[in-house]
Every structure is written in C-alpha cells, then in structure tokens.
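Below is one structure; the comments refer to it alone.
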Amino acid sequence: MSGWEFWVVAVIASVLTGVSKGGVPIVGALSVPLLALVISPVAAAGLLLPVYVVSDWFGLYAYRREFDKRVLMIACASMTIGVAVGWATAKIVPESYVTVLVGVISVAFALNQLLRRQVVAEPKRAAWGSGLFWCSIAGFTSFVSHTGGPPYQVWTLPLGLKKAVFAGTSTIAFAYINAVKLVPYFFLGQINLSSLEVALKLAPVAAVAVFVGVWVVKRLPEKLFFTIVTWSLLLIGIELIWKGLQG
C-alpha cells in the first residue's frame, strides 16, 4: 500500500465513500472496485471499512432527523442476518459469484423501473417479508464486497420515501451494518494495524466529502434524484456483472 498510484486511487475511493455517505446514491459501490485496481479486492474491502465507519459518523450527524423508523428497523434486523450468513460462509462462497448476482438483480430492477417510467413511486408502508428478503441479501453482499446498496434499493425505491428520508435512512442503516462488520472483518484478518494506519490518513478526506454529498442531495430536484438513483443502479449493475465474470 504505497506509491503515488495507490494514493491517488485511494483518495478518489475515499471521496466516493464520503459523498455516498452524504446521501448521493450508489457512488460508494465504486470504491472497492476502484481500489481493487491497485491492491487485491479482499485488501481493498478491509482497508475501506474503517473509512466507511468514520464517514458514517458524519453522515449520522447530517441526517439525524431524516429517516423512516419502520424501514430502518426492518433493514437493520435483516442486514444483521445477512452479515452473519456472510461471516459463516466467508471461506466457501466465491466473491465473483456474489458480484454477478448483485449485478443481475441491479440491472433487472433498474430496467423494470425505467421501462415503466415510474422513477418516483407512490408512498406505501414497508413490509417485513420483502424487507427481510432483500435486506438479508444486502447484508450478505455488503459483508462480501461492500455492495449492499443495490439489493437494499430494490426494496426501498418502491416505498416512495421522500428524497431526504431515503438518503437519511440509507445512511443510518449502512452506518449500523458497517459497525457490525468490524467484528468479523477483524477475526478474518481483513483489518490489521497496517490497513488501519492507511485508513486513518484517508478518513479526513471521506469526512469532508460527506458534506459535499449532503450539499448535492439538498439541491437536486426530487425526480432528478431518483432518476440518478435508478440509472446509477443500472450502470453499477452492468459493471458488477462484468467484474464478476472476470473472476
């Protein structure tokens, strides 16, 4: 973890992480694939997790009043189950399989939204059944490669949440699950003193980027915000399928 190439890519990945914690959709999913260009994907996931956690603190402050309690409760409970499954199967399930699965789900859902031309959904009550299914998947894929966003958004986009509530609920849910992931990541050896030293240097960059993300979310019109979410989901899904097929 040295050399100017590493640090340029690591800083960009940290900015993307921070901006996503500020509520700008999906861009955080690019962080691990981007950093994997200069170090191994496993090392990239371990290095970025503390950066995620630190930037989460600032995201929690920014959205401390903007969230849906029911959605948050269902998401946190279900994603905890997904993380537990991810930890139990960490040595068995290839990351490339999970990456392709997340990509296919993302592309299918985004295309369905775009073809129906209903990017902004009508408000409706969050259901435990569908929430348990999609957020368990989100917890699992978040554990494996920090790509919990797409399955989570497959569930939350049709709920018709307001822009700020959507961003705030997502930020708080993933702040919780990132903190939960610290324990298994430590015991699996993906977090060590060397990676923590690098993460400490990158964390301030991500922290500043959080407020850039909040600024962007506040100024985006509601329809444009969810259009960006949907198109981002489609493009990230295609990228994940490609990455997974490459092994």
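The values are calculated or read from the model by the stated rules, or taken from the named source; none is laboratory data. Keep in mind it's a predicted model, so treat the numbers as computed, not measured. So basically every Cβ, Gly included, is an ideal-geometry build from the backbone, and we count neighbours across all protein chains shown.
Details
- Residue among 153, 190 that is under 29 Å from residue 65 (Cβ atoms) and within 19 Å of the chain's Cα centre (by Cα): 153
- Region 188-236 - residue that is polar (S, T, N, Q) and surrounded by fewer than 17 Cβ atoms within 10 Å (Cβ to Cβ) and, of those, modelled with the lowest pLDDT: 227
- Residues satisfying the stated conditions in region 176-234, i.e. of a type in the set (A, V, I, L, M) and without any contact (Cβ under 8 Å) to a residue 40 or more places away in the chain: 183, 193, 224
- Matching option when the condition is of a type outside the set (Phe, Trp, Tyr) and in contact with a Cys (Cβ under 9 Å, 6 or more places away or on another chain), among 172, 236, 241: 172
- Restricting region 22-80 to residues that are β-branched (Val, Ile, Thr) and more than 13 Å from the chain's Cα centre (by Cα), the residue that is farthest from residue 193 (Cα to Cα) is 71.
Residue-wise test of (1) buried (at least 18 other Cβ atoms within 10 Å of the Cβ); (2) in contact (Cβ under 8 Å) with a residue 12 or more places away in the chain; (3) touching a Pro at 6+ places or on another chain (Cβ under 7 Å); (4) part of a helix (DSSP H, G or I).
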| residue | (1), (2), (3), (4) |
| --- | --- |
| 61 | no, no, no, yes |
| 66 | yes, yes, no, no |
| 78 | yes, yes, no, yes |
| 82 | yes, yes, no, yes |
| 92 | no, no, no, no |
| 98 | yes, yes, no, yes |
| 101 | yes, yes, no, yes |
| 115 | no, no, no, yes |
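Listed here are the residues, each with its yes/no results for (1) β-branched (Val, Ile, Thr); (2) under 23 Å from residue 220 (Cβ atoms); (3) part of a loop (DSSP other than H, G, I, E, B); (4) in contact with a strand residue (DSSP E or B) (Cβ under 7 Å, 6 or more places away or on another chain).
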| position | (1), (2), (3), (4) |
| --- | --- |
| 9 | yes, no, no, no |
| 14 | no, yes, no, no |
| 17 | yes, yes, no, no |
| 20 | no, yes, no, no |
| 23 | no, yes, yes, no |
| 31 | no, yes, no, no |
| 37 | no, no, yes, no |
| 44 | no, no, no, no |
| 49 | no, no, no, no |
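- Annotation note: Cβ proximity below 7 Å between a residue of region 18-44 that is small (Gly, Ala, Ser) and surrounded by 24 or more Cβ atoms within 10 Å (Cβ to Cβ) and a residue that is at pLDDT below 80 and assigned to a helix (DSSP H, G or I) (sequence gap 6+ or interchain) occurs for 20/27; 20/28; 29/236; 44/32.
- Members of region 61-94 that are modelled with pLDDT of 90 or more, closer than 27 Å to residue 202 by Cα and aliphatic (A, V, I, L, M): 79, 83
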